[in-house]
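See structure below.
The values are calculated or read from the model by the stated rules, or taken from the named source; none is laboratory data. Quick caveat, the model's predicted, so the values are computed rather than measured. Neighbour counts run over all protein chains shown; Cβ positions are idealised from the backbone, glycine included. For accessibility, only protein heavy atoms count, side chains too; no ligands or nucleic acids. Shrake-Rupley method; radii C 1.70, N 1.55, O 1.52, S 1.80 Å.
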Amino acid sequence: MAAAKLNTLLQTKVIESQPEACYLLGKLEGILSRSIEEKTETYSFLIPLVRTLVSKIYELLFMNLHLPSLPPTNGSPSFFEDFQEYCSSDEWQVYIDKYIIPNMKQYEENSFRHDQEQMALYWKDCYEAFMVNMHKRDRERGESKLKFQEHFVEPFSRKARQENLRYNSMLKQLNSQHTATLRQWRAAQLYLLSERGPWSEMKQHPIHWKLSNVENFSRMRLKLVQNYNFNSHQDASDLRDNLGVHQTQPSSESLLLEAVKQVKVSDLEDDVLELPEEDTAASSNLDEKDEQSQKEKLILSEDCELITVIDVIPGRLEITTQHIYFFDGSIEKEEGVGFDFKWHLSQIREIHLRRYNLRRSALEIFLTDQTNYFLNFNKEVRNKVYSRILSLRSPNISGTRSPQELFKASGLMQKWVNREISNFDYLIQLNTMAGRTYNDLAQ
C-alpha cells in the first residue's frame, strides 16, 4: 500500500529541476541496489516506482544520451527482469556515480542547509527556554520552601518548643508538689507518732542515729541526727550467710506511706477547705510568694553527678536567677526521700574548682548552714556552670580565686604563727584550699 501511494505521488509530482530529479533517482537507486543484492521482495514493490520516475525524468536528465541501453519503460512485459540485469551494468553504475550522486549531494546541501541552520537555532532557543524555565522552577521551589518553613515549620517548631517547656515545667511542679506532700506527711507522721506525740505507741521502735552533714569551723562533723531511713541490710546479711531471704509482712506504717505516695496531687487540689479570715490572708501571702517565684528565669540546666562518700547520684542541676536546684535522677530513688536540693543564691558561701577521678571536672559548693556538696560535670560544662554562678554576683560567695591567691589573701599562715588557730585548724583549712574534700574518698 505504501508503494502504491508513493507511485501515485510520483505520477502527480511535477519535477522541474535536474537536481531534484537526481535527488529522487539517487535515493530510490540506493534502496533498489540493496534489495537486488539481498534478493528481497522489496524489488518487486520498487519496480513500479522506478518505471514511473524514469518515465518522468527521461528527457529532463537526457537519459537517451547517457543511457542508450536503458530498457524501455512504455509497458514492456520484460521490464522487471531487464532492469534488474541492467542495474549491474557498467553504463548504469557510471551514470549513477558520476552524474546522479554529485547532483544529489549538491541538492541536499542547497535544500537542507538552511533548514539545518533553522533547526539548530530552533533547538537552541528551545534549550535556552528550557534552562530558563528550570531555573525559574528551582527558584520558585526554593521560595515556596522558604515560605513553607516561615509560615508552617517555624511556627510549629516554636509552638512545639513552647509546649515542651510548658509540659516539662508542669511535670516539675507536679513532682515538686508530690515530693513536698510526701515530706510533709513524713514530718506529720513523725510528730504524731514520736515518743511525746499524741499518737505515740506504747512500744517504741528502736531509734537510730547518723552523722549530720553540718560542719563546724574546723570542718568536723560533731552532730548526730535521727536516721528515719535506717536499713539494717538484713537481706544482704542473710544472703552472705547463705540463710536465704525471709519474707516479712509489711508494717501498717509502710502500707500507709505507700498509699500516700500513690495519691495524685490533682486529687488533693479538688478538696476545698473553708478558711477563716486569718488563713485567707496567709494564703494570699503565699500566692504573692508563688508569683515572685514564678518570675525567676532559668539560666542554665546541665546533667551532673552528686558525689557522696558512699554513692554517686546522677541528676540535673538547674540555675535560675534566684535559686539553684538539684534533681535526683537515679533509678533507685525512692519518692520523697531522694537527693533533691534547693539552695537560694544567698546561701552559697564558697565555691571551689575540684578534681574528680584526676579530671578537672567538679565543683564543691559550701553553704552558710555549714553544709557542702560535691558536683561532677563534664570539663567544659563545669567551667560554664562556674562562670554562670559567679555572674549572678551572690553577696556571700567567696573563694573565686586560685588556691594560691586564696591562701595568700586569707592570712592563714600568719594566724597559725600567732597561735590564733591550732595546728589542726590550719591543716584542715590548708587541705580545703588545696582541693581535699570529705565527699570523695579518693581525696
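Here is a yes/no grid of residues against (1) open to solvent by less than 70 Å² (accessible area, probe 1.4 Å); (2) over 30 Å from LEU300 (Cα atoms); (3) assigned to a helix (DSSP H, G or I):
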position	(1), (2), (3)
MET119	no, yes, yes
ALA129	yes, yes, yes
VAL132	no, yes, yes
VAL153	yes, no, yes
ARG158	no, no, yes
LEU165	no, no, yes
MET170	no, no, yes
GLN173	no, no, yes
GLU195	no, yes, no
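Summed over the stretch 6-24, residues that are within 17 Å of ILE47 (Cα to Cα) and modelled with pLDDT under 80 total 6. Number of residues in the stretch 197-224 that are assigned to a loop (DSSP other than H, G, I, E, B), more than 19 Å from ASN431 (Cβ to Cβ) and over 50 Å from the mean Cα position of the chain (by Cα) equals 13. In the set (1) open to solvent by 60 Å² or more (accessible area, probe 1.4 Å); (2) part of a helix (DSSP H, G or I); (3) within 15 Å of ILE351 (Cα to Cα), the condition left unmet by GLN414 is number (3).
Of the residues examined, SER237 is not one that is at pLDDT 80 or above, more than 30 Å from TYR426 (Cα to Cα), open to solvent by less than 90 Å² (accessible area, probe 1.4 Å) and outside any helix (DSSP H, G or I).
Taking the conditions exactly as written (in contact with a strand residue (DSSP E or B) (Cβ under 7 Å, 6 or more places away or on another chain), surrounded by 10 or more Cβ atoms within 10 Å (Cβ to Cβ) and hydrophobic (A, V, I, L, M, F, W, C)), does TRP209 satisfy them or not? Here the answer is yes, as TRP209 does meet what is asked. Evaluated against (1) closer than 22 Å to PHE341 by Cα; (2) assigned to a loop (DSSP other than H, G, I, E, B), VAL385 falls short on exactly one condition, (2). Look at the stretch 366-378: where a residue is free of Cβ contacts under 8 Å to residues at least 60 places away in the same chain and a partner is open to solvent by 40 Å² or more (accessible area, probe 1.4 Å) and not polar (S, T, N, Q), sitting 6+ places away or on another chain with Cβ atoms under 7 Å, you get PHE366/ARG349; PHE366/GLU350; LEU367/ARG349; THR368/ARG349. Tell me, which residue of the stretch 388-411 that is in contact with a helix residue (DSSP H, G or I) (Cβ under 8 Å, 6 or more places away or on another chain) and part of a loop (DSSP other than H, G, I, E, B) is modelled with the lowest pLDDT? Result: GLY399.
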